Amino acid sequence: MECTSSVYLPTFHMGSSIFLWLFLIFSVIFSPVSAKHSVTWTYGVNYGRIADNLPQPESVVTLLKAAKINHIRIYDADHGVLQALKGSGIEIIIGLPNEYLKEISIGEDRAMNWVQENVQAFLPDTRIRGIAVGNEILGGTTIELWEVLLPAAKNVYSALYRLGLQHTVEVSSPHSEAVFANSFPPSACIFRPDVAPFMKPLLEFFSQIGSPFYINAYPFLAYKNDPQHIDINYALFKDNRGIYDAKTKLHYDNMFEAQVDAAYAALDKAGFSKMQVIVSETGWASRGDPDEAGANVKNARTYNRNLRKLLAKKKGTPFRPKMVIKAYVFALFNENLKPGPTSERNFGLFKPDGSIAYDVGFTGLVPSAAPPSILVSFK
């Protein structure tokens, strides 16, 4: 986490007293580090719900606790989910959906209402530790959303600040790999020229308030798009020759770490070398269309199992060895109503009945072919 003397302070309630200014500045710089900045966790899961066959949130919490999954991310602020998580000890990042960004960017009062209804009302029993403002905005094609992302993020932070929650709840915004002009080799990665004018002010703001850079990193998508030139073993963390980055003189034996370090390289060039990268999404599809290379159960199991092993080591990347890798796997369940290719509906680690879709190393859980369902048995 980077924290500089150029601290972002909301413009309200400041008054004219120099003592108040000093108090606010010192409270931001020297406040105790909250649980959301802890390095003790490395593995989280995205809990997507675009489906009509998923278990009730209370049963999902039972499953999460049984699997010892203590960090999750959802894409909205569903009150049923937040209520079910009450008292569970599971830390959660909630989402401010893209369709709300314009409204939230207009005024602090609208952001305040949203934060009060969807965050403050559930704290502290529901451990909301972050708000993801939008998802993959700057990698998309809607320029109108590019323009309102930063104002929306600032207004959300201002609301948290006014409520005294700025050290409890982090503000961030996940990005896709589409924000990069190139990412191979990792040291060559830079932000796209058209994205940079929007990305840099956003990064400056996040740097000032101590937020990390969230990236959705999918070796599966890279392999699917170019299977003839990418070694499947390199994408799956299996034995392979790897790649050598001549500029940094670093060797990579898996694509996941190369993608993370590419993000670090882009941040470095943009002037944010101290900012941490956290992977907000990664995963592998267990099924796909005929033209979706590599999408099968065997590869999904291999990728997710090896990813868990890597994250359990609590180590950094070749380029940032002291920055512990943290990642949220996509996804908890298959989502049968998601649009797009078949792979979009088949990233789940678990089936709707709570049984495992394939074994990635969770202990004490029921395999997919073994009745009764885990949700029933744990009840």
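The values are calculated or read from the model by the stated rules, or taken from the named source; none is laboratory data. Given the structure is predicted, the values throughout are model-derived calculations rather than measurements. Don't worry about glycine lacking a Cβ; one is built from the backbone with ideal geometry, like all the others, and counts go over all protein chains shown. Ligands, DNA and RNA are excluded from the accessible area calculation, which covers all protein heavy atoms including side chains. Shrake-Rupley method; radii C 1.70, N 1.55, O 1.52, S 1.80 Å.
So here's what we get for this one:
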item	result
Mean Cα-pair separation over length for the stretch 39-350, i.e. relative contact order, pairs under 8 Å, 6 or more apart, %	19 percent
³J(HN,Hα), Karplus 6.51/-1.76/1.60, whole Hz, each residue of the stretch 200-206, x for Gly, Pro	4, x, 5, 5, 4, 5, 5
Backbone N within the stretch 306-342 under 19 Å of label point (7 Å from Lys269 Cα along the Cβ vector)	318-320
Most to least accessible of His71, His229 (protein chains only, probe 1.4 Å)	His229, His71
Accessible area (Å², 1.4 Å probe, nearest 10) - Ile143	80 Å²
Residue among Asp76, Asp253, Asp239 with the largest mean-square fluctuation in a Gaussian network model of the chain, springs linking Cα atoms under 10 Å	Asp239
Unit charges on C-beta of K, R, D, E only; dipole of the chain, Debye	1340 debye
Extension gain (nm, one decimal) between Asn296 and Arg192, 0.36 nm per residue minus Cα-Cα	34.2 nm
Charge-dipole axis of the stretch 39-350 as Lys and Arg at +1 and Asp and Glu at -1 on Cβ define it, positive-most pick from Val179, Ile106, Trp284	Trp284
Extension gain, Leu163 back to Lys249 (0.36 nm per residue minus Cα-Cα distance, nm)	26.2 nm
Nearest-10 value in Å² for the accessible area of Tyr157, using the 1.4 Å probe	10 Å²
Solvent-accessible ranking of Leu307, Leu163, largest area first, probe 1.4 Å	Leu163, Leu307
Filter on Lys68/Lys351; Lys200/Lys247; Lys86/Lys351; Lys65/Lys298; Lys238/Lys351; Lys68/Lys326 - keep pairs with C-alpha separation over 19 Å	Lys200/Lys247; Lys86/Lys351; Lys65/Lys298; Lys238/Lys351
Options [x] 17.9; [y] 29.6; [z] 18.8 - which one matches mean projected area of the Cα convex hull in nm² as calculated here	[z]
